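> So that we are looking at the same thing, I have put the structure below in structure tokens.
The values are calculated or read from the model by the stated rules, or taken from the named source; none is laboratory data. All figures in this text were calculated on a predicted structure; none of them were measured in a lab. Because the Cβ atoms are built from the backbone with ideal geometry, glycine has one as well, and the counts that use them run over all protein chains shown.
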């Protein structure tokens, strides 16, 4: 299920949680930025989104990649 599509359909009727691909978190920094930037920016509009991956974080996600994901979350995912 895609949070971008669901957000357009349900908007403020429900809160969304997750949908960040753990496979993308294992990829390149550009993939991480694209995944978080495209989904979080859309899902947060009007409220109702909680960041998390689509599954638990697998061992294939390196610590530097996870730190970069948190940096991208700070960039794209601030409600202030």
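> Go through region 64-80 and report how many residues are surrounded by 12 or more Cβ atoms within 10 Å (Cβ to Cβ) and outside any helix (DSSP H, G or I).
Number satisfying all stated conditions: 1.
> Do you know which residues across region 32-49 are without any contact (Cβ under 8 Å) to a residue 40 or more places away in the chain and in a helix (DSSP H, G or I)?
Answer for region 32-49, where residues must be without any contact (Cβ under 8 Å) to a residue 40 or more places away in the chain and in a helix (DSSP H, G or I): 33, 34, 35, 37, 38, 39, 40, 41, 42, 44.
> Hey, another quick one. Given the structure, is residue 39 at pLDDT below 95 and at negative phi?
Yes, satisfied.
> Also, quick follow-up: Would you check if residue 25 is farther than 17 Å from residue 4 by Cα, within 12 Å of the chain's Cα centre (by Cα) and at pLDDT 95 or above?
The answer is yes for residue 25.
> Here's a follow-up. Those residues that are part of a helix (DSSP H, G or I) and under 16 Å from residue 72 (Cβ atoms), I need them from region 5-22; list them, please.
22
> Here's something else I'd like to know. Check residue 61 against each of (1) at pLDDT 95 or above; (2) assigned to a helix (DSSP H, G or I); (3) in contact with a helix residue (DSSP H, G or I) (Cβ under 9 Å, 6 or more places away or on another chain) and name the one condition it does not meet.
Among (1) at pLDDT 95 or above; (2) assigned to a helix (DSSP H, G or I); (3) in contact with a helix residue (DSSP H, G or I) (Cβ under 9 Å, 6 or more places away or on another chain), the lone unmet condition for residue 61 is (2).
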